[in-house]
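Novice: Quick one: the structure is below, and I'll ask about it shortly.
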Amino acid sequence: MTEEKKEKVECVCHTRWSLKAIYFHSDVKGRLITLSDGGRRVSRDESSFCHGLTFSGRPVKTQEKLRLRVERCDGDWHGALRLGFTHVSPEQTTLPALAIPDLTNSPLYAAVIVPEHICRPGSEIEFMLKKNGSLRTRSSDGRTHTEQTTLNPKWPVWAMIDVYGQTTAVTMLGSKMKRWIFSSQSCPALTHIKHTEDKETQEKKKQMSMLEQRNLRNPHLDNTGENQTRARQLCYGLVHIISPPKLFSFLALDHEAPDCEECVVCYSDVANYCLSCGHKCVCTSCAMKVHMMFGTCPLCRQPLGSFQPYDH
């Protein structure tokens, strides 16, 4: 008998322009929040109107429209859903009871109040951060509301959903974004299209993965390995705030170097702050940005516990 081919099921919803699946953050959530439906639904205990803060499980893009459906309401409370965005990663956020005003007192957070009458069970609501930095919401009946924020649309942002007041349960339906002549949609996590891979295809992917991991472990094996490591550091997010003329200089940095004269993020100020990993590579303002938005060193990517000024 011929040996049966081992097959692997894999999602193929994604094309080059597809958006990644969108869901709620599984670890960072208000103390009265519970997740279900594969991370797509959040519910707040009805014993209180607050402590219902949640975030998206990944950063979202500018102009990416997130779509929610209100599943349940409790008429004993006043107020309803609050929707917004933040530059601070969920892992770096200390959760208060309310999004407004506890978080929105900081310019790194922005949120709007969704009226009670459009937060009825079954209602669908879209919200997004526009290219000009304004926050736009759209209700099921087509009405829109736009409010200017202090957020920078060029920086990474996470969606912020406060399941507040009468709103006690919502489901993340997905997201979409208009491009030049077509629209991209997120992978619908529970209904994605699948195909199978045979054993030979799986083996080829495994070999490629092993080669990539070897280059990451030893970036000095060859120039390609070193450049791949640098590229991954750029993908981490700093490419958004490094000026293009300095990009190739950043690629050439030696991450083992103890000191840097110029800030490796903005290249406009002196590097006068030491990170907890030991690298002295950022200026005063960029030290705060890197710590709050990314939480890791821009050179070695170790988690940051603290940072402090130092003298050359």
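The values are calculated or read from the model by the stated rules, or taken from the named source; none is laboratory data. Remember, predicted model here, so these are calculated numbers, not experimental data. Ideal geometry is used to build each Cβ from the backbone, glycine not excepted, and the neighbour counts take in all protein chains shown. Remember, those area values only see protein heavy atoms, side chains included, never the ligands or the DNA or RNA. Shrake-Rupley method; radii C 1.70, N 1.55, O 1.52, S 1.80 Å.
Novice: Would you mind checking which residues have amide H under 5 Å from residue 60's amide H? H placed 1.01 Å from N; only 5 or more apart, or other chain.
Specialist: It is 157, 158, 159, by chain and number.
Novice: Over 27 Å between Cα atoms, which of 29/65; 20/131; 29/178; 20/154 qualify? Mind dumping the intermediate values first?
Specialist: Working: 29/65 22 Å; 20/131 20 Å; 29/178 30 Å; 20/154 19 Å.
Among 29/65; 20/131; 29/178; 20/154, the Cα-Cα distance tops 27 Å for 29/178.
Novice: List every residue whose amide H lies under 5 Å from the amide H of residue 296, counting only residues 5 or more places away in sequence or on a different chain, with H placed 1.01 Å from N in the peptide plane.
Specialist: 304
Novice: For 23, 109, give the ranking by accessible area with the largest first, probe 1.4 Å. Before the final figure, lay out the partial values.
Specialist: Values: 23 90, 109 25 Å².
From most exposed to least exposed: 23, 109.
Novice: While we're here: Could you give log10 I(q)/I(0) at q = 0.17, 0.20 Å⁻¹ for segment 6-140, computed by the Debye formula over C-alpha point scatterers of equal weight, without solvent?
Specialist: -1.02, -1.43
Novice: Residue-wise, which Karplus ³J(HN,Hα) couplings in Hz belong to segment 93-106, taking 6.51 cos²θ - 1.76 cosθ + 1.60, θ = phi - 60°, and x for glycine or proline?
Specialist: Result, rounded to whole Hz: 9, 8, 6, x, 6, 10, 6, 10, x, 4, 8, 6, 5, 8.
Novice: Here is a further query. Which far-off residues, 5 or more places away or on another chain, put their amide H under 5 Å from the one on residue 272, with H placed in the peptide plane?
Specialist: So residue 272 has HN proximity to 282, 283, 284.
Novice: Next up: Where does each of 291, 145 land when they are ordered by accessible area, with a 1.4 Å probe and the largest first?
Specialist: On the way: 291 45, 145 85 Å².
My answer, sorted largest first, is 145, 291.
Novice: Using a 1.4 Å probe and counting only protein heavy atoms, arrange 24, 49, 294 so the residue with the most accessible area comes first. Mind showing how you got there, number by number?
Specialist: On the way: 24 5, 49 75, 294 30 Å².
The ranking, largest first, comes out as 49, 294, 24.
Novice: Could you sort 76-83, 126-133 so that the peptide with the highest average Cβ count within 10 Å comes first and the rest follow in order?
Specialist: 76-83, 126-133
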